[in-house]
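Enquirer: Dropping the structure in here first, questions after.
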Amino acid sequence: HALAMRLTLDTELHEHTGCVNRISWNSGGTLLASVSDDCCCCVWSYQPKDLAYTFETGHSRNIFGVRFMPETNDRQIVTGAMD
């Protein structure tokens, strides 16, 4: 509870049109992937805090999992959905 009380909002990122269900940092902490009910994946850069990429995943239902694949130099992302 004490830790949660010390947290503050750093930045709001706006791109998804649906509820964001999962986020995942790359191993270097420089990229953040987010997935949503809109079936898209967004990749955000940390410095500057900006949208780097967005793509349709091919999913037809809500996405609940995202991960940068290890040993791919952040060039592959996997997603998991309810379809």
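The values are calculated or read from the model by the stated rules, or taken from the named source; none is laboratory data. A quick note: this is a predicted structure, and the numbers were derived from the prediction, not measured. Positions of Cβ are backbone-derived with ideal geometry, glycine not excepted, and every protein chain shown enters the neighbour counts. These accessible areas exclude ligands, DNA and RNA; they are computed on the full protein's heavy atoms, side chains included. Shrake-Rupley method; radii C 1.70, N 1.55, O 1.52, S 1.80 Å.
Enquirer: Counting only residues that are surrounded by 12 or more Cβ atoms within 10 Å (Cβ to Cβ) and assigned to a strand (DSSP E or B), how many does the stretch 23-54 have?
Expert: Number satisfying all stated conditions: 19.
Enquirer: Still on this structure, please answer the following. Give the residue that is nearest to N73 (Cα to Cα), with candidates limited to residues of the stretch 1-57 that are β-branched (V, I, T) and under 9 Å from the mean Cα position of the chain (by Cα).
Expert: In this case the residue turns out to be V43.
Enquirer: Being open to solvent by less than 100 Å² (accessible area, probe 1.4 Å) and in contact with an Asp or Glu (Cβ under 7 Å, 6 or more places away or on another chain) is the filter here, so list the residues in the stretch 5-20 that pass it.
Expert: H16, G18, C19
Enquirer: When you scan the stretch 60-78, how many residues do you find that are open to solvent by 90 Å² or more (accessible area, probe 1.4 Å) and in contact with a Ser or Thr (Cβ under 8 Å, 6 or more places away or on another chain)?
Expert: Summing the residues that are open to solvent by 90 Å² or more (accessible area, probe 1.4 Å) and in contact with a Ser or Thr (Cβ under 8 Å, 6 or more places away or on another chain) in the stretch 60-78 gives 1.
Enquirer: Further question on the same structure: Looking at the structure I just gave you, is T57 of a type outside the set (G, A, S) and surrounded by 11 or more Cβ atoms within 10 Å (Cβ to Cβ)?
Expert: yes
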